[in-house]
1. For segment 314-381, max minus min Cα coordinate along each principal axis, in Å, sorted largest first?
2. Given a 1.4 Å probe and the protein chains all in place, what does the accessible area of D180 round to, in Å² to the nearest 10?
3. Of the options L93, L254, P340, report the single residue whose Cα projects farthest towards the positive end of the charge dipole of the chain (beta-carbon charges: Lys, Arg +1; Asp, Glu -1).
4. Find how much the distance from L426 to Q127 grows on full extension, using 0.36 nm per residue of separation minus their present alpha carbon separation; answer in nm with one decimal.
5. Once the cut-off is 22 Å, how many percent of the Cα-Cα pairs in segment 1-117 end up in the long-distance tail?
6. Fully extended, how many nm does the chain gain between L417 and T394 (0.36 nm per residue separation, minus their Cα-Cα distance)?
7. Out of residues 5 or more away from I122 or on other chains, whose amide H comes under 5 Å of its own, with H placed 1.01 Å from N in the peptide plane?
8. With the cut-off at 30 Å, report for segment 1-428 the share of all Cα pairs above it, as a whole percent.
Amino acid sequence: MGVINFIIENILTQASVTIALIAMLGLILQKKSTGQVISGSLKTMLGFMVLAAGSSIIVGSLIYFGQIFTEGFHMQGIIPSIEAINGQAMNELGLGRDIALTFLAIFVFNIIIARFTKWKYIFLTGQAILWMATMTTVFGYFAGLRGIALILVGGFIGGVFAVAMPAIAQPFVRKITGMDDIALGHFCTVGYVFEAGVAKLVGGKGEKKKSVEDLKLPAQFEFLQDTYLSLMVVMTPLYIITAAFAGEEFGSTLSGNTNYLMFAFLQSIQFVVGVYVLLAGVRLLLGEIVPAFRGIAMRLVPNAKPALDCPVLFPFSPNAVIVGFITTTIGSIIAMFVLPVFGLAMILPGMLTAFFAGGTAGIFGNLTGGIRGAIIGGIVHGFFITLLPALLVTTFNSMGFVNATATDVDTVTAALLYAWLIGPLLKAF
């Protein structure tokens with residue numbers, strides 16, 4: 001157990017190390033020279049860590065924005081947090097070991113299913129698998145499962161999701177990227193496909209379906225064709241206006257010795273810097289992992305594709321990411337006020353989810369419905385990804401997780417599957 005725990009806690013949960021080792025395995029299977037193996041492995045790790053550094057910058061900026069947003073508009077409600085559920089499950093329920101072993105089981109079932117079925121996807125987003133392991137373990141535990149049964153059932157369901165979600169998204173990913181070498185490994189896929197469907201229904205058709213990426217601006221605004229400048233133009237007033245609503249007294253508690261409005265301005269620029277770094281990491285990662293993965297595809301899992309985190313799609317449709325972020329936020333705010341009218345909990349908008357999941361959903365909406373589809377689909381997507389966590393609040397409360405719920409809609413879907421189907425079946429037998 002000591003060795004297994006070390007591997008899980010220090011290797012498999014370190015996504016950059018895991019992906020570098022997978023790249024190394026692929027290069028070794030291709031019988032590359034020692035120098036090529038070392039170079040490819042280290043560049044893969046570097047690319048992923050640059051991507052992660054960009055994500056961290058974005059997360060830091062969005063945490064600040066979430067604080068001033070909540071204060072400025074006096075919002076009180078539940079902020080979805082799978083991290084909080086994970087911590088409570090490990091510390092108060094003693095499920096840390098079971099979550100870790102379920103995490104490993106999901107990896108194993110993923111490889112087995114990919115090897116022997118037509119779903120040839122290897123899910124490489126370790127953090128997402130950890131959250132899936134948390135949900136399947138917690139809900140399995142409260143359904144009455146214990147020990148090896150808890151781990152195997154959770155591992156199997158997580159493994160199915162790990163291959164099924166990339167498979168469902170792949171027809172869209174193929175069109176977005178123009179290639180079939182990578183897949184999407186992010187447990188928000190139900191939301192992405194949902195937006196794509198809505199966008200197809202309400203978006204432009206034929207020649208009227210104009211892509212967000214093809215917008216033609218007047219000469220004096222052509223500078224907005226630059227992704228980073230256009231993002232800056234959107235984010236800067238959004239941050240400054242929100243900080244103004246939060247007020248100087250609250251804003252100064254976050255800004256230290258810097259003027260609170262100037263701090264908001266700098267945080268908006270920091271957000272754009274994060275996007276720049278993230279996209280640079282994506283390009284470096286894709287340049288290494290795709291060729292390296294061919295070795296695994298040829299030997300271990302024929303025709304396998306690496307399912308990577310959602311930012312890998314951002315360079316292919318950067319304007320749609322901005323549209324998706326804004327419209328998903330709008331939809332989440334609408335849901336925040338509408339859902340309590342129907343007796344559901346008030347779910348506060350999560351800015352991290354709005355950017356990463358909303359931005360990716362915007363790419364899907366733009367693909368199927370153009371500008372109109374991305375805008376309307378994005379708002380509906382924001383409502384949808386707020387509704388699902390709201391449906392889980394009562395169940396979590398009954399388990400002892402007070403005022404808590406989860407984010408990523410695929411993990412929420414797995415939880416609802418347990419709560420509404422698997423749990424009652426297990427108790428019936």
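The values are calculated or read from the model by the stated rules, or taken from the named source; none is laboratory data. Quantities reported herein were computed from a predicted structural model and do not represent experimental measurements. Please note: Cβ atoms are built from the backbone with ideal geometry, for glycine as well, and neighbour counts cover all protein chains shown. Calculation scope for accessible area: heavy atoms of the full protein, side chains included, ligands and nucleic acids excluded. Shrake-Rupley method; radii C 1.70, N 1.55, O 1.52, S 1.80 Å.
1. Principal extents (largest minus smallest coordinate, Cα): 40, 22, 12 Å.
2. Solvent-accessible area, nearest 10 Å²: 60 Å².
3. Of the candidates, L93 comes out farthest on the positive side.
4. Numbers: separation 299, 0.36 × 299 = 107.64 nm, distance 2.84 nm.
Here the answer is 104.8 nm.
5. On the way: 3973 of 6786 pairs.
Within segment 1-117, distances greater than 22 Å cover 59 percent of Cα pairs.
6. Details: separation 23, 0.36 × 23 = 8.28 nm, distance 1.49 nm.
Here the segment from L417 to T394 would lengthen by 6.8 nm.
7. Residues meeting the criterion, in which the H sits 1.01 Å from N, are K305, A307.
8. Numbers: 40365 of 91378 pairs.
Value for segment 1-428: 44 percent of Cα pairs lie more than 30 Å apart.
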